[in-house]
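One structure is given below, encoded as structure tokens.
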Amino acid sequence: MSIPIPILCEKKDFRSMVARIKLGQTSAWIEKKTKAMCVLPHEFYSWNPEYISTDKFPVRIRFKIRLDKLSKDGKHLELFRSPLYNSWGWAYPEVVGKELIDHFCEMNGKDWEESEAYAVENNQNVRIIKGTGFHLRWVGKTTCYLAEKYAWDILFAQVHTPDTINHAKLAKICKGTKGYDPQEAPQVWNDFRNEYRAMDKMVGEIVNTCADKDTAIAVISDHGCIPAGDKRVWPQKALVDAGLCKYRFNKTDGNYYLDLKKSKAILTNQPLPDYVYVNLKGRDPYGMVKPGKEYEQTRQEIITVLNNLRDPHTGESPLIFVNRWEDMQSLGFGGENVGDVVFFFREGYLWIDSRMIFGPISKQEMQSWSQQPVQQYDGYAQHVFCPWAEYMGMSNRGTFMFSCPDLAKEDMVMPDPVWMIDAAPTLARICGIKPPKDCDGKSIIGF
């Protein structure tokens, strides 16, 4: 009895065939347009995204199918689908995106099976390790490929995997947090070692392939990470009590939501500091605060009430450096998106999440956090602290390493802090070009 050759159809209709594959065979690329969950701007501030399904942004995806098992009667089969690759909207020129997928995304080994395995792995630790390794290999290979094929002056590659493992696992190796487990800690330390070995291998591959004696090389991170401690804070409590922030109750789903039309102050959680925006007339969609005197009075009131927020157990403030944005420029904060008021959390404290700002917030949650704006919570790790923050042996400082042909060989001692805003003018100086006109930092070296 011959084994049938399956035909994959989009519908129960032979005319919608997308592939015809034999046992053990991999299909050609299948390309389809699909509706996707897209990240779109929140109605109030574009840097507070919400996930919604939309018909306006169809995504062109490419994938392959491999037939792994097939019974002789055709009743039982096992298919392996590659990851779904978006071939549009992320590369310029667009043909490069398709080219990279064609060149690197062949389903020819453990890389692609791992990419699928980590996405469905029930164990979060296993999923993170497999996923970061896959990502680093991909970036290394694609960067070298592009640099060898296309002429370039500046080669830039970015990875996010250290941030992933820090958030997920740093608290597990820090004694004093609820997330710490002495039995699990040795394995987590090993996971960190493997992460940085993979990072080192990726950097080495790029440098060995793309650099020569005249190449300037820099390895930079924008922040470190520290355990967040076990206390969570709802700063909205102070704003609500002062009448600066209002919530409306939705009878349909029984939850509370931030009332943008009646709130003078809008708090947001950011990757580094936290911001409070004054709901300003002429700038914001639901602006209710007049520019000038009322604006400044509102800012001062926000600063005062946030500074007065206290941990009922210790009496200390869970926030530090609550200031106007212009008073924080020395730390690099500025630009059109910066909040009207900027603050950091004190080490050991952290916000709940963005849902507890905009909603939905249940009745039980609203009652609980209104009564106790500082509560015990599970251990976690974050970087929404001062750039120099240190806690439980960990640091929030970033990394700035570079080498170039004309740099003196003797060791350089930097008596002053190096800020992230110094990176661009420093690299521009190394390359012998003028820094961008709107750079706020300065070069840390001179020749």
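The values are calculated or read from the model by the stated rules, or taken from the named source; none is laboratory data. None of these values were measured; they are calculated from a predicted model. So basically every Cβ, Gly included, is an ideal-geometry build from the backbone, and we count neighbours across all protein chains shown.
Those strands (runs of 3 or more DSSP E) of the stretch 345-426 that lie entirely within it include none in which at least 3 residues are over 26 Å from Ile226 (Cα atoms) and assigned by TED's automatic domain parsing to the domain that holds Lys237.
Within the stretch 213-232, the set of residues being closer than 22 Å to Ala168 by Cβ and in a strand (DSSP E or B) comprises Ile226, Pro227, Ala228, Gly229, Asp230, Lys231, Arg232. Taking the criterion of being farther than 16 Å from Leu100 by Cα and either surrounded by 10 or more Cβ atoms within 10 Å (Cβ to Cβ) or not aliphatic (A, V, I, L, M) (or both), the residues of the stretch 147-162 that qualify are Trp152, Asp153, Leu155, Phe156, Gln158, Val159, His160, Thr161, Pro162. Within the stretch 247-284, restricting attention to residues that are surrounded by fewer than 16 Cβ atoms within 10 Å (Cβ to Cβ) and among the basic types (Lys, Arg), the residue that is nearest to the chain's Cα centre (by Cα) is Arg283. Scanning the stretch 384-426 for residues that are acidic (Asp, Glu) and at pLDDT 90 or above yields a single hit, Glu390. Selection of first residues in the stretch 181-203 that are closer than 24 Å to Tyr145 by Cα and of a type in the set (Asp, Glu) and of second residues that are surrounded by 13 or more Cβ atoms within 10 Å (Cβ to Cβ) and modelled with pLDDT of 90 or more, restricted to Cβ pairs under 6 Å at least 6 apart or on distinct chains, gives an empty result.
Please indicate, with yes or no, whether at least one residue in the stretch 163-180 is modelled with pLDDT under 90 and closer than 30 Å to Cys431 by Cα. Checked against the condition, which is being modelled with pLDDT under 90 and closer than 30 Å to Cys431 by Cα, the stretch 163-180 yields at least one hit.
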